[in-house]
Amino acid sequence: MIISASYKTDIPAFYGPWFMRRLRAGYCKMVNPYGRQIYTVPLTPDEVDGFIFWTKNIGPFLSSLPEIRRMGYPFLVQYTITGYPRELEERVPDAAHTIASLRAVADRYGTAVPIWRYDPIMITSLTPADWHRRTFTSLARSLQGATDEVVVSFAQVYKKARRNLNEAAHTSGFSWHQHEDTPSEAARELVAELAGIAVEYGMRLTICSQHMLHTPGVTQEARCVDAERLERVSGRSLLDRIKRKGNRAECGCYASRDIGEYDTCPHGCVYCYAVLNREFALARYKTHDPGGEFLFPPHQRKTEPARQLPGVELK
């Protein structure tokens, strides 16, 4: 079993102490977000083939990675670095900080472990296509030699995220573009340009769940939960027992179990599909008990003062 930690929230940035306590205990509990059933998820070496850590700031978790490796667990890091302005990502540390911590992962564990995510691509009046060309080039140059893959996709703004985007746009005075199911030639042209830049800096560009963006020379499907890469990192055979099973029709991922919870990430990204209400997510973070069996127990709603995180101002 591959454990995803987590595409629903940023466990490495905000909930690392909880994760390490649960890893030492050998299990965690989680609540099904739809049926509200409670599950116990085993986290022992004989049950877990590896971890996929999803993050926008691995810095607070760097000191935990050696223990995870000593315990015998292989891992990959899906690391989102976009360089977006504060109007879009309120509390994400600046790119210089996150680039340095991605490089720290690569230096210690190899360039196959961190995967750069330039995702989602938001087309706004603050971040038009030319902004993406410049920013992607700068980030790729800074990450040269630290990773061999960059994952991209255009933002698909679901109904629950549209309100956050519209409110932020009104407050900050920007406009944004809804990416359509059939993208324009301009979108495919931008992806092709980014792919060429990636190659220049020693990376291959893969596309997450958007086959309509494939163009000649840019047809590689992203596998964010990647059993093949975990095999290479761990030296263990995984493909004989872990099957391809994505979350969406076009998803290339392998089967995994996610242990996160929606509406708990306080990064404040206005486009996030996993956070319905940013203030509610921040309030929930303030109540988090790192000693609990659950990341968040059922029906917990109490709030208390926020704790300060390195490089992140919580308001």
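The values are calculated or read from the model by the stated rules, or taken from the named source; none is laboratory data. Just so it is clear, the structure is predicted and the values come from calculations on it, not from any experiment. For neighbour counting, all protein chains shown are included, and Cβ atoms are generated from backbone atoms with ideal geometry for every residue, glycine included.
Scanning the stretch 160-197 for residues that are at pLDDT 85 or above, surrounded by 13 or more Cβ atoms within 10 Å (Cβ to Cβ) and of a type in the set (A, V, I, L, M) yields 165, 168, 169, 187, 190, 191, 192, 194, 195, 197. Just wondering, is there one or more residues in the stretch 124-136 that are within 19 Å of residue 78 (Cα to Cα), at pLDDT 95 or above and of a type outside the set (S, T, N, Q)? Within the stretch 124-136, one or more residues are within 19 Å of residue 78 (Cα to Cα), at pLDDT 95 or above and of a type outside the set (S, T, N, Q).
With respect to residue 126, is the statement that it is touching a residue at least 12 places away in the same chain (Cβ under 8 Å), among the aliphatic types (A, V, I, L, M) and part of a helix (DSSP H, G or I) true? So residue 126 does not fit the description; no. In the stretch 254-298, of all residues being among the polar types (S, T, N, Q) and either closer than 21 Å to residue 119 by Cβ or touching a His at 6+ places or on another chain (Cβ under 9 Å) (or both), the one that is surrounded by the most Cβ atoms within 10 Å (Cβ to Cβ) corresponds to 264. Being among the basic types (Lys, Arg) and within 22 Å of residue 231 (Cβ to Cβ) is the filter; apply it to the stretch 48-79 and report the residue that is surrounded by the fewest Cβ atoms within 10 Å (Cβ to Cβ). Across the stretch 48-79, the extreme among qualifying residues is 70. Taken over the stretch 282-291, residues that are touching a helix residue (DSSP H, G or I) at 6+ places or on another chain (Cβ under 7 Å) and either free of Cβ contacts under 8 Å to residues at least 12 places away in the same chain or more than 14 Å from residue 10 (Cβ to Cβ) (or both) amount to 2.
Filter the stretch 95-128 down to residues that are hydroxyl-bearing (Ser, Thr, Tyr) and buried (at least 17 other Cβ atoms within 10 Å of the Cβ) and give me whichever is farthest from residue 229 (Cα to Cα). Within the stretch 95-128, the match that is farthest from residue 229 (Cα to Cα) is 124. Taking every residue in the stretch 198-210 that is more than 9 Å from residue 140 (Cα to Cα) and in contact (Cβ under 8 Å) with a residue 40 or more places away in the chain and pairing it with any residue that is assigned to a helix (DSSP H, G or I) and among the small types (Gly, Ala, Ser), at least 6 positions away or on another chain, the pairs with Cβ-Cβ distances below 6 Å are 205/195; 205/198.
Every condition in (1) over 17 Å from residue 78 (Cα atoms); (2) out of contact with any helix residue (DSSP H, G or I) (no Cβ under 8 Å at 6 or more places or on another chain); (3) assigned to a loop (DSSP other than H, G, I, E, B); (4) free of Cβ contacts under 8 Å to residues at least 60 places away in the same chain is met by residue 251 except one, and the failing one is (1).
Residue under question is residue 131, and the condition is that it be over 24 Å from residue 107 (Cα atoms), surrounded by 16 or more Cβ atoms within 10 Å (Cβ to Cβ) and without any contact (Cβ under 8 Å) to a residue 12 or more places away in the chain; does it hold?
Yes.
Restricting the search to the stretch 90-119, which residues are farther than 16 Å from residue 138 by Cα, outside any loop (DSSP other than H, G, I, E, B) and either modelled with pLDDT under 95 or aliphatic (A, V, I, L, M) (or both)? Don't jump to the end; show me each part of the working.
Here is the first cut: in the stretch 90-119, the ones farther than 16 Å from residue 138 by Cα are 90-93, 101, 104-115.
Adding the requirement that they be outside any loop (DSSP other than H, G, I, E, B) leaves 101, 104-109, 114-115.
Result: 104, 105, 106, 115.
One residue stands out among those in the stretch 170-186 that are part of a helix (DSSP H, G or I) and free of Cβ contacts under 8 Å to residues at least 60 places away in the same chain: the one that is nearest to residue 94 (Cα to Cα), which is 171. For the stretch 212-247, the set of residues classified as loosely packed, with under 13 Cβ neighbours inside 10 Å, under 20 Å from the mean Cα position of the chain (by Cα) and farther than 22 Å from residue 109 by Cβ consists of 245 only.
Taking (1) more than 26 Å from residue 157 (Cβ to Cβ); (2) in a helix (DSSP H, G or I); (3) within 19 Å of the chain's Cα centre (by Cα) in turn, residue 140 satisfies each apart from (1). On the stretch given as the stretch 1-47, residues that are surrounded by 14 or more Cβ atoms within 10 Å (Cβ to Cβ), part of a helix (DSSP H, G or I) and among the aliphatic types (A, V, I, L, M) total 4. Scanning the stretch 143-159 for residues that are at pLDDT 95 or above and assigned to a loop (DSSP other than H, G, I, E, B) yields 144, 145, 146, 147, 148.
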